[in-house]
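Have a look at the structure below before the remarks.
What follows is calculated from the coordinates using simple rules that are stated; it is not laboratory data. Everything quoted here is computed from the prediction, not taken from an experiment. As a convention, Cβ positions derive from the backbone with ideal geometry for all residues, glycine included, and neighbour counts pool all protein chains shown.
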Amino acid sequence: MITELRKKSQITIPKELVSKLGLKEGDKLEITEKDGVIQIMPVVI
């Protein structure tokens with residue numbers, strides 16, 4: 001899936017992934033980078 005970097009460095013997570021992962025507004029996400037690969041993971045608090 002392709003998304004676009006927008007103003008203020010924001011991205012949109014495609015609706016299909018949001019639904020598949022059961023994400024909702026306000027959920028926390030951890031973003032990491034290794035060897036040029038960005039990884040976004042839901043955080044369970």
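Residues of the range 25-41 being farther than 18 Å from residue 3 by Cα and not acidic (Asp, Glu), which ones?
Listed by number, the residues that qualify are 26, 28, 34.
Out of the range 1-14, which residues are loosely packed, with under 10 Cβ neighbours inside 10 Å and either in a strand (DSSP E or B) or not hydroxyl-bearing (Ser, Thr, Tyr) (or both)?
1, 2, 4, 5, 6, 7, 8, 10
Could you run through the range 27-45 and say how many residues are charged (D, E, K, R), in contact with a strand residue (DSSP E or B) (Cβ under 9 Å, 6 or more places away or on another chain) and part of a loop (DSSP other than H, G, I, E, B)? Before the answer, list the steps.
Of all residues in the range 27-45, those charged (D, E, K, R) come to 27-28, 30, 33-35.
Next, from what is left, pick out any that are in contact with a strand residue (DSSP E or B) (Cβ under 9 Å, 6 or more places away or on another chain): 27-28, 30, 33.
Those left that are additionally part of a loop (DSSP other than H, G, I, E, B): 27-28.
Count: 2.
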